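Novice: I'd like to ask you about the structure that follows.
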Amino acid sequence: QVQLVESGGGLVQSGGSLRLSCAASGSRVTITAMGWYRQAPGKQRELVATITNGGSTNYADSIKGRFTISRDNAKNTVYLQMNNLKPEDTAVYYCNAGAVLHTTSRTGDYWGQGTQVTVSS
């Protein structure tokens, strides 16, 4: 199994910055793609950004040019640097990771508990 621990959320004024972190841990697993999703009140969860273990990235159009995803493969940690935040970025941000279990070669999809990001106008 894989555990994901997120940190870095909080309250920030419009135009400010925050950096989210998510550390994945587990035994006898290989972490593959990692990413961030968000869910605002009354809305569906949506993709923010993903990154493969080779470093290829994918971003939602709404955050391109403002957010940057990166990862440290040695630490199985993914980061989301969020700049020029807007009130519409307010949401619970969830970390996501794919993993291959060494014992069975089966893949799994794992989620963190979520971290609140609130942007005031």
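The values are calculated or read from the model by the stated rules, or taken from the named source; none is laboratory data. Worth saying up front: this structure is predicted, and the values here are computed from it rather than measured. So basically every Cβ, Gly included, is an ideal-geometry build from the backbone, and we count neighbours across all protein chains shown. Quick note on the areas: whole protein, heavy atoms, side chains included, nothing else; ligands and nucleic acids left out. Shrake-Rupley method; radii C 1.70, N 1.55, O 1.52, S 1.80 Å.
Novice: Based on this model, can you work out whether Ser70 counts as small (Gly, Ala, Ser), open to solvent by 20 Å² or more (accessible area, probe 1.4 Å) and under 11 Å from the mean Cα position of the chain (by Cα)?
Specialist: Yes: the conditions hold for Ser70.
Novice: Of all the strands (runs of 3 or more DSSP E) wholly in the range 5-54, which have at least 2 residues that are modelled with pLDDT of 95 or more and open to solvent by 70 Å² or more (accessible area, probe 1.4 Å)?
Specialist: Qualifying strands (runs of 3 or more DSSP E): 10-13.
Novice: Oh, and also: Keeping to the range 68-121, report how many residues are over 14 Å from Gly9 (Cα atoms), in contact with an Asp or Glu (Cβ under 9 Å, 6 or more places away or on another chain) and not aliphatic (A, V, I, L, M).
Specialist: So the answer is 2.
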